[in-house]
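Right, one structure below, let's go through it.
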Amino acid sequence: MRIELRQKQSTVSFYVIGDCYWIKAMYRDGDFEPTAETAPDGSGVNCIATAAINGSAEDRGDLEIEIAKDGNTISLHVSGIGLGGWRGGDQSKPSQFLKLGDDDLTFRLTRVAPDDCAGLERAVRLD
């Protein structure tokens with residue numbers, strides 16, 4: 001997983017990486033209620049942000065992803081108060097923790113063309 005966040009007051013992006021897996025009943029113990037547009041069986045994706053490339057065991061935040069029935073939109077929910085990652089693309093530096101406000105814990109995203117993500121793929125390594 002690669003995520004790029006941009007804060008209004010900053011010109012430098014904050015990058016998050018991690019591992020994701022499919023989960024059948026992600027909402028049983030979650031901090032949020034699923035939307036009506038979610039897959040009817042309550043399944044979705046859970047992601048764990050990591051502190052370093054190559055699968056660091058240090059957890060830097062959890063994300064739950066609801067996939068809409070239409071397959072074109074997702075809702076990304078940050079569990080907790082923030083995520084770990086890097087300001088800028090230099091992953092040789094230690095990761096930092098970005099505290100998010102209450103209004104910044106859920107993001108609704110729409111599908112884009114794969115080419116739209118090329119810059120993010122070049123900026124951030126996964127391994």
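Values as computed for the structure displayed
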quantity	calculated
Output for segment 95-116, where each listed residue is more than 22 Å from residue 68 (Cβ to Cβ) and in contact with a strand residue (DSSP E or B) (Cβ under 9 Å, 6 or more places away or on another chain)	95, 96, 97, 98, 99, 100
Filter result for residue 27 (at pLDDT 85 or above, of a type in the set (Ser, Thr, Tyr) and either surrounded by 10 or more Cβ atoms within 10 Å (Cβ to Cβ) or within 21 Å of residue 117 (Cβ to Cβ) (or both))	no
Those residues of segment 57-83 which are surrounded by fewer than 17 Cβ atoms within 10 Å (Cβ to Cβ), acidic (Asp, Glu) and either within 23 Å of residue 108 (Cβ to Cβ) or under 14 Å from the mean Cα position of the chain (by Cα) (or both), in sequence order	59, 70
Tally of residues being of a type outside the set (Ser, Thr, Tyr), part of a loop (DSSP other than H, G, I, E, B) and farther than 14 Å from residue 16 by Cβ across segment 89-127	8
Which listed residue is buried (at least 19 other Cβ atoms within 10 Å of the Cβ), farther than 21 Å from residue 112 by Cβ and at pLDDT 85 or above, from 86, 22	86
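The values are calculated or read from the model by the stated rules, or taken from the named source; none is laboratory data. Because the structure is a prediction, the values reported are computed rather than measured. Methodologically, a virtual Cβ is constructed for each residue, glycine included, from the backbone with ideal geometry; neighbour enumeration extends over all protein chains shown.
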